[in-house]
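What follows is a set of notes on a single structure, which appears directly below.
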Amino acid sequence: MAKAIKTPLYDRHVSLGGKMVEFAGFIMPVQYSGIIDEHVTVRENAGIFDLSHMGEFYVSGKGAPAALNKLVSNNVEKLKIGKALYTPVCTPRGGIVDDILVYRDADETFMLVVNASNIEKDYDWVVGHLPKGLTVEDKSLQTALVAVQGPQSETVLTEALADDLSELRYYEFIFSVMDDVPVRVSRTGYTGEDGFEVYVDAARAGEVWDVLFELTSGIGGVPVGLGARDTLRLEMKYCLYGNDIDEGTTPLEAGIGWTVKFDKGDFIGKETLVAQKNDGVKRRLAGFVMVDPGIPRRDYGIINIEEKSIGRVTSGSYSPSLRENIGLGYLELPYDDVGTEILVDIRKKPRLARVVETPFLKLIGGN
Amino acid sequence: MNPEDLSYTETHEWAKVDGNVVTIGLTDHAQSELGDIVYLELPEVGADVEAGGEFGVVESVKAASELYAPVSGKVVKVNGAATQEPALVNRDCYGEGWLVKIELKDPSEVENLKTAAEYKEFIGGQ
């Protein structure tokens with residue numbers, strides 16, 4: 001394994017007291033003040049995140065929309081310029097290569113945002129499955145990403161940019177400048193709160209971070225590490241690649257069937273997914289809340305009341321907003337029905353949990 | 001940082017000997033590494049624990065970690081305030097955030113534990 005990469009903001013995290021850990025080949029802050037404090041501050045106010053580990057590819061050329069549409073399950077051809085889209089990239093068997101964002105910059109120019117752990121795999125996949133005439137550029141290391149998330153994030157971004165953001169809707173983006181630094185700003189995120197993601201040339205990431213950090217902390221916001229990023233996304237049942245979804249799970253099983261557009265043309269995985277849709281899935285990613293004490297963690301077994309194996313935990317944590325222990329796992333049907341009592345094997349002791357509706361957290365006025 | 005009058009384990013528990021009763025807790029290094037502690041699973045009063053044996057579990061938001069007994073003996077008291085409010089361990093791991101009290105079976109076991117200076121060196125001089 002290659003040496004872990006420091007993002008352009010590494011020194012800032014260290015001086016802010018960030019606890020640095022290796023994640024997907026990068027050295028990232030897992031927490032600063034503490035996961036619970038950071039989590040709650042994002043839900044109530046605002047938090048600033050360094051997400052520079054994420055990968056960015058540019059795809060352009062004649063026929064790019066149609067070609068990309070064969071690569072992903074959501075509909076890229078319908079995407080308007082200035083809008084972004086969440087979509088899985090599937091294998092021929094319907095498994096998930098990655099879940100990505102596609103930004104349409106121009107008619108035939110797109111930016112793909114991929115998970116850090118998948119940058120190399122995705123690049124090979126994209127290059128291998130797009131026609132030769134298209135240009136694919138990996139700009140992951142030249143691109144930094146800073147997110148501001150939380151109900152007060154619009155205040156922060158409005159102050160930082162020359163533009164009015166009140167008209168920028170969820171999953172729309174603009175190109176703007178922040179203190180003379182060119183940036184791409186989208187109203188996107190992974191927390192369930194209102195929020196923005198700011199893409200900037202890695203060489204100028206520090207300037208953007210400093211502006212946003214000062215404004216965020218000025219209103220009582222805090223820097224947020226990967227720990228709270230995980231608890232925030234888990235409360236919303238947003239899938240984490242490598243935990244909740246991978247090449248062995250399909251979008252239909254994961255409950256993100258809305259990202260699979262069966263009414264568009266052919267795309268990789270379509271045949272299998274159509275069959276799975278017609279036959280019905282045999283297991284589903286379900287959310288559960290622990291009734292007994294103990295926190296569900298990844299890979300813990302799940303059994304039914306008769307102690308027969310019915311699934312496995314893919315993600316689990318204490319939920320700082322709900323103050324309960326919550327988890328996700330693939331459950332054989334019909335154990336995924338809301339209200340079903342299941343047992344999670346925590347340290348060789350079966351403990352009662354109950355399947356609940358997701359997202360776990362119902363946000364008022366959220367996305 | 002780590003009180004001089006306590007003894008320490010390589011698994012990051014501390015022990016305070018007071019006559020034949022030993023109070024056990026988690027070190028500052030451990031609570032800091034774990035982060036926000038949200039759940040404690042501790043033995044019942046009357047349970048027997050063995051030196052080096054698992055006697056409970058501490059869970060933070062991000063990880064679960066076993067607790068190992070510094071010495072053998074019978075549990076005579078469990079800190080109910082800490083099981084009710086596990087964040088006490090983060091806030092005051094050497095005071096209000098203690099975990100259990102054990103009636104010491106073999107006082108010579110205490111000699112196997114590390115001094116504050118030895119523990120400090122063990123965790124890399126912090």
Study note, to complete from the structure: Result of the Cβ filter at 6 Å on region B:78-100, keeping first residues that are among the polar types (S, T, N, Q) and partners that are modelled with pLDDT under 95, at least 6 apart or interchain, is none
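Can you tell me which of A:G128, A:G218, A:G133, A:G206 is of a type in the set (G, A, S), at negative phi, surrounded by fewer than 19 Cβ atoms within 10 Å (Cβ to Cβ) and in contact with a helix residue (DSSP H, G or I) (Cβ under 8 Å, 6 or more places away or on another chain)? Don't jump to the end; show me each part of the working.
Numbers: A:G128 fails: in contact with a helix residue (DSSP H, G or I) (Cβ under 8 Å, 6 or more places away or on another chain); A:G218 fails: in contact with a helix residue (DSSP H, G or I) (Cβ under 8 Å, 6 or more places away or on another chain); A:G133 fails: in contact with a helix residue (DSSP H, G or I) (Cβ under 8 Å, 6 or more places away or on another chain).
Among A:G128, A:G218, A:G133, A:G206, only A:G206 is of a type in the set (G, A, S), at negative phi, surrounded by fewer than 19 Cβ atoms within 10 Å (Cβ to Cβ) and in contact with a helix residue (DSSP H, G or I) (Cβ under 8 Å, 6 or more places away or on another chain).
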Review point. Does A:K6 fit the bill of being more than 26 Å from A:G206 (Cα to Cα), away from chain B (no Cβ under 14 Å), out of contact with any helix residue (DSSP H, G or I) (no Cβ under 7 Å at 6 or more places or on another chain) and of a type in the set (K, R)?
Key: no
Practice item. Please state which one of A:G339, A:G316 is of a type outside the set (D, E, K, R) and closer than 24 Å to A:D194 by Cα. Key: A:G316
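Please specify each residue of region A:328-350 satisfying the condition of being away from every other protein chain (no Cβ under 14 Å), under 12 Å from A:V313 (Cα atoms) and within 27 Å of the chain's Cα centre (by Cα). Explain how you work it out, then say what you get.
To start, the set of residues in region A:328-350 that are away from every other protein chain (no Cβ under 14 Å) comprises A:328-343, A:350.
The next check asks that each one be under 12 Å from A:V313 (Cα atoms); those that pass are A:328-331, A:342-343.
A:L328, A:G329, A:Y330, A:L331, listed by residue number.
Taking B:L6 as the residue in question, decide whether it is under 14 Å from the mean Cα position of the chain (by Cα), at pLDDT 95 or above, farther than 17 Å from A:G34 by Cβ and surrounded by 15 or more Cβ atoms within 10 Å (Cβ to Cβ). Spell out how you get there, then give the answer.
Values: under 14 Å from the mean Cα position of the chain (by Cα): yes; at pLDDT 95 or above: yes; farther than 17 Å from A:G34 by Cβ: yes; surrounded by 15 or more Cβ atoms within 10 Å (Cβ to Cβ): yes.
So B:L6 fits the description; yes.
Please find, among A:G225, A:G192, the residue that is buried (at least 23 other Cβ atoms within 10 Å of the Cβ), touching a residue at least 40 places away in the same chain (Cβ under 8 Å) and in contact with a strand residue (DSSP E or B) (Cβ under 6 Å, 6 or more places away or on another chain).
On the way: A:G192 fails: in contact with a strand residue (DSSP E or B) (Cβ under 6 Å, 6 or more places away or on another chain).
Only one candidate passes the filter, namely A:G225.
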Practice item. Among residues belonging to region B:44-88 that are assigned to a helix (DSSP H, G or I) and out of contact with any Asp or Glu (no Cβ under 9 Å at 6 or more places or on another chain), point out the one that is farthest from the other protein chains (Cβ to nearest Cβ). Key: B:G80
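What are the residues in region A:15-41 that are in a strand (DSSP E or B) and closer than 18 Å to B:A63 by Cβ, if any?
A:K19, A:M20, A:V21, A:E22, A:F23, A:M28, A:P29, A:V30, A:Q31
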**Study point:** Candidate set: region B:25-40, residues that are aliphatic (A, V, I, L, M) and either facing another protein chain (nearest Cβ under 9 Å) or not in a helix (DSSP H, G or I) (or both); chosen: the one farthest from the chain's Cα centre (by Cα)
**Key:** B:V38
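Answer yes if at least one residue in region B:90-102 is within 14 Å of chain A (Cβ to nearest Cβ) and surrounded by 15 or more Cβ atoms within 10 Å (Cβ to Cβ), and no otherwise.
Pass one, region B:90-102, residues within 14 Å of chain A (Cβ to nearest Cβ): B:90-91.
Among the residues that remain, those that are also surrounded by 15 or more Cβ atoms within 10 Å (Cβ to Cβ) are: B:90.
The answer is yes, given that some residue of region B:90-102 is within 14 Å of chain A (Cβ to nearest Cβ) and surrounded by 15 or more Cβ atoms within 10 Å (Cβ to Cβ).
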Review point. Does A:D345 satisfy the condition of being farther than 30 Å from A:S153 by Cβ, of a type in the set (D, E) and surrounded by fewer than 22 Cβ atoms within 10 Å (Cβ to Cβ)?
Key: yes
Practice item. Answer yes or no: is there a residue in region A:176-187 that is in contact with a Gly (Cβ under 8 Å, 6 or more places away or on another chain), closer than 30 Å to A:Y318 by Cβ and at pLDDT 95 or above. Key: yes
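The values are calculated or read from the model by the stated rules, or taken from the named source; none is laboratory data. Predicted model, so just to flag it, every value in this text is computed and none were measured. Cβ: placed from backbone, ideal geometry, glycine included. Neighbour counts: every protein chain shown.
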